[in-house]
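S.K.: This is the structure I want to talk about, given as structure tokens.
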Amino acid sequence: MPRADLLEQIYTIVAQIPEGRVTTYGRVAKMTEGATARMVGSAMRHLPDGHGLPWHRVINASRRITEHGGAERQRERLRAEGIAFEAGGRVSAERLWP
DNA sequence: ATGCCGGCTCAGC
DNA sequence: GGCTGAGCCGGCA
């Protein structure tokens, strides 16, 4: 599967995450045909402005926000959608999107 | 071609 | 739950 197609699949999947729900890099990766969690993370990082994708709804397998440049922004966006963080900065498992 | 690093994961302790 | 190491992927130097 060519890299461009995987990227397209990643975008399509991320675009489907409902508001107020989250999913993980690994889950998104598994829904594609061959992408790895790292590729998903990389894809999210290089998103241009105004893409409209809910990149903030993608968190790591520990159900936490991976520390990086825009981590703060991501946390705020999620909170704005009504997503609460449990002790340890974790997102409730019920918020996970299949 | 070679090597290193990444918004990651998972198996093993 | 925390720490470590491998994974064998793509992008970039």
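Laboratory data are not the source of any read-out in this text; all were calculated from the coordinates shown. The structure presented is a predicted model; accordingly, all values stated were derived computationally and were not measured. Quick reminder, even Gly has a Cβ in these numbers, built from the backbone with ideal geometry, and neighbours come from all protein chains shown.
S.K.: For the range A:3-95, with only Lys/Arg (+1) and Asp/Glu (-1) charged at the beta-carbon, what is the dipole magnitude about the Cα centre, in debye rounded to 20?
M.R.: The dipole of the range A:3-95 has a size of about 260 debye.
S.K.: Taking amide hydrogens as modeled 1.01 Å from N in the peptide plane, which residues meet the under 5 Å criterion relative to A:VAL22, leaving out close sequence neighbours?
M.R.: When sequence neighbours closer than 5 places are left aside, the close amide H contacts are A:LEU96, A:TRP97.
S.K.: Quick one: what do you get for the range A:3-95 if you divide its Cα Rg by 2.2 N^0.38 Å?
M.R.: Its radius of gyration relative to the 2.2 N^0.38 Å reference: 1.01.
S.K.: Between A:ALA80 and A:ASP5, what FRET efficiency follows from the Cβ-Cβ distance if R0 is 30 Å, with the result rounded to 0.05?
M.R.: That pair, A:ALA80 with A:ASP5, gives E of 0.40.
S.K.: PRE reach from A:LEU47 (point 7 Å along Cα→Cβ): which of the range A:56-98 fall under 12 Å by backbone N?
M.R.: A:56-59, A:74-75, A:77-78
S.K.: For Cα pairs less than 8 Å apart in space and 6+ apart in sequence, what is the mean separation divided by the residue count of the range A:3-95, i.e. the relative contact order in percent?
M.R.: 29 percent
S.K.: Using a Gaussian network model of chain A whose springs link C-alpha atoms within less than 10 Å, name the residue from A:ARG75, A:ARG38, A:ARG63 with the highest mean-square fluctuation.
M.R.: A:ARG38
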